[in-house]
1. Out of Ala333, Ala302, which single residue is closer than 20 Å to Trp378 by Cβ and either of a type in the set (A, V, I, L, M, F, W, C) or touching a helix residue (DSSP H, G or I) at 6+ places or on another chain (Cβ under 9 Å) (or both)?
2. Out of the helices (runs of 4 or more DSSP H) lying entirely within the stretch 91-192, which hold 2 or more residues that are within 18 Å of Glu228 (Cα to Cα) and open to solvent by 70 Å² or more (accessible area, probe 1.4 Å)?
3. May I ask you to list the residues in the stretch 75-93 that are over 23 Å from the mean Cα position of the chain (by Cα) and more than 18 Å from Leu207 (Cβ to Cβ)?
4. Could you please tell me which pairs satisfy a Cβ distance under 6 Å, a separation of 6+ or placement on different chains, a first residue in the stretch 400-415 that is farther than 13 Å from Glu426 by Cα and of a type in the set (Ser, Thr, Tyr), and a second residue that is open to solvent by 20 Å² or more (accessible area, probe 1.4 Å) and assigned to a loop (DSSP other than H, G, I, E, B)?
5. Here is a check on your reading of the model: is Ser320 assigned to a loop (DSSP other than H, G, I, E, B) and of a type outside the set (Phe, Trp, Tyr)?
6. Looking only at residues in the stretch 29-82 that are open to solvent by 30 Å² or more (accessible area, probe 1.4 Å) and of a type in the set (Asp, Glu), which one is nearest to Arg133 (Cα to Cα)?
7. Residues being under 12 Å from Val253 (Cα atoms) and either modelled with pLDDT under 80 or open to solvent by less than 100 Å² (accessible area, probe 1.4 Å) (or both): count how many of those fall in the stretch 322-339.
8. Quick check on my filter: what residues within the stretch 340-395 are of a type in the set (Gly, Ala, Ser) and exposed (fewer than 14 other Cβ atoms within 10 Å of the Cβ)?
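The values are calculated or read from the model by the stated rules, or taken from the named source; none is laboratory data. Remember, it's a predicted structure, so these values are computed and weren't measured experimentally. Glycine gets a Cβ as well: all are built from the backbone with ideal geometry, and neighbour counts include every protein chain shown. When the accessible area is computed, the model is the full protein with side chains, heavy atoms only, and any ligands, DNA or RNA have been set aside. Shrake-Rupley method; radii C 1.70, N 1.55, O 1.52, S 1.80 Å.
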Amino acid sequence: MRDNPAAFFYAAGMKKKKAAVFRQPTPDEQEILTHLVVRLASADEVEQFDQLITKHHYLKSAHLVGEHLRYVAQYRGQWLALATWSAAALHLKARDHFIGWDEEQRRRRLPLLVNNSRLLVLPDCRCPNLISRFMKLMLTRLSPDWKQHWGHPVALAETFVDPHLYQGTAYKASGWNRLGQTSGWKRSAEDFYQKHNRPKQIWVRELVPDACRKLCAQPLPAQWQQVEENAPPHCTAKVPQMRSLVEHLRAQVPEFRSKEALAYPMAGFLALIALAMFSGVRRGPQDLAEYAASLSQGQLRALDFRTHPGSTRIRCPGESTFKRLLPRIDAAALEKALLLWQEQVLGPAQDKLVIVDGKTLRHAHVELVSAVDGTGRWLGTVPVKESSNEIPAARELLGHLELAHKTTLADAIHTQVETTQQILFEGGGDYALTVKENQKELVKTLATLLTPGKFSPSAHGPDARPDSRAQSEPARDPSFGMPGSKP
């Protein structure tokens with residue numbers, strides 16, 4: 001019978017009707033448990049895998065959300081059980097309370113959680129303890145497999161059990177904790193939920209010791225920090241704040257299109273771009289479109305965007321819309337309006353640093369030079385002209401800024417005589433610029449200037465006479481270092 005697993009499982013199934021619900025595995029069944037193999041489904045097995053899930057799982061669907069993996073449990077090449085793991089639920093009150101993290105931590109660290117979305121024992125298999133054995137072998141390798149396929153480990157697993165059909169015994173036997181039950185809603189679309197009146201049990205299991213404490217730690221453990229760093233930008237602005245910005249932009253920046261054709265009024269469109277910049281979006285139309293798609297219906301409504309024809313849902317601009325409209329925007333008028341709005345919200349700037357840096361919008365092939373202060377407050381932006389570089393763009397930007405009694409910081413590309421003259425003599429500020437080894441002449445000059453010379457440690461010492469070998473210093477020109485003088 002060991003040579004024919006299918007016949008064995010069929011015979012075992014026939015006997016189960018008369019056997020006790022809980023029983024010890026027979027020697028043949030124990031042989032299967034001992035030599036059970038758990039592996040990932042290969043790419044050419046996905047179709048067969050999904051067909052079996054759709055046919056035999058009570059949800060009748062093999063659709064997986066986000067990052068995911070498929071596992072197969074087999075004995076001598078025959079599939080006995082299947083399981084899928086996918087992205088964790090976006091919001092789950094009992095789970096989030098169990099972990100103890102706040103809303104922002106949940107948003108940025110949610111990829112460290114994983115959901116056991118499907119668990120199926122194939123109909124011909126009636127081997128006791130198979131599911132717990134399958135679960136143990138899966139959990140042992142789940143995090144390493146996840147890191148290999150998706151670039152990061154996972155720390156905590158969750159799943160849902162329908163109490164009308166199952167009691168969660170397999171999860172309990174595998175060390176999972178039952179937290180309670182869902183409220184009986186399912187997500188049907190973005191920001192839209194339907195009541196299904198079938199609450200499910202919530203089970204969780206820590207995959208590493210003290211997972212909950214580590215998920216709330218500040219900072220995260222080093223091996224998990226990449227997840228937080230890669231979290232997509234998120235709009236945290238409240239609806240009243242967004243409406244305030246829209247009204248301000250509507251008054252400051254004129255609409256140049258026909259009102260009849262406006263799916264996205266210019267004031268709301270510009271407000272969306274500004275909010276994306278404030279949230280950290282830096283890479284052009286594609287990322288702007290992804291950011292827009294992350295906004296809620298309430299946030300899109302605050303931007304005065306219109307609904308889809310024949311629908312009550314508010315649309316959001318796609319990549320093609322940004323590509324079409326961005327070149328037509330009056331950049332100077334927009335910058336002036338945003339700086340004024342920023343000052344109204346934050347008050348006058350107090351910081352004494354001006355930090356200049358260049359960034360390339362990768363998907364748009366546009367290079368910008370921007371300035372911020374030491375608190376991260378935006379001071380202005382200038383595009384780099386075609387066939388040019390950051391240096392003249394930075395000088396143009398510095399010409400718009402208030403530099404007096406402030407210190408300008410920039411990287412080595414801006415360590416230029418004309419730039420320092422502009423900061424010092426025209427702007428009345430100071431500077432701290434970087435020098436690299438490839439700037440050979442400048443490095444050589446600085447090495448000469450910074451070479452220590454002989455001096456008396458005290459002008460009032462017993463021998464305060466100057467070194468006879470030192471040349472006398474000529475009288476200093478009082479105009480040296482003043483605006484208009486030759487440095």
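1. Ala333
2. In the stretch 91-192, the matching helices (runs of 4 or more DSSP H) lie at 103-109, 130-150.
3. Hits for the stretch 75-93 are Tyr75, Arg76, Gly77, Gln78, Trp79, Leu80, Ala81, Leu82.
4. That search, which allows pairs on different chains as well, returns Thr415/Val435.
5. In short, no.
6. Glu31
7. Qualifying residue count, the stretch 322-339: 9.
8. Within the stretch 340-395, Gly347, Gly376, Ser387, Ser388 qualify.
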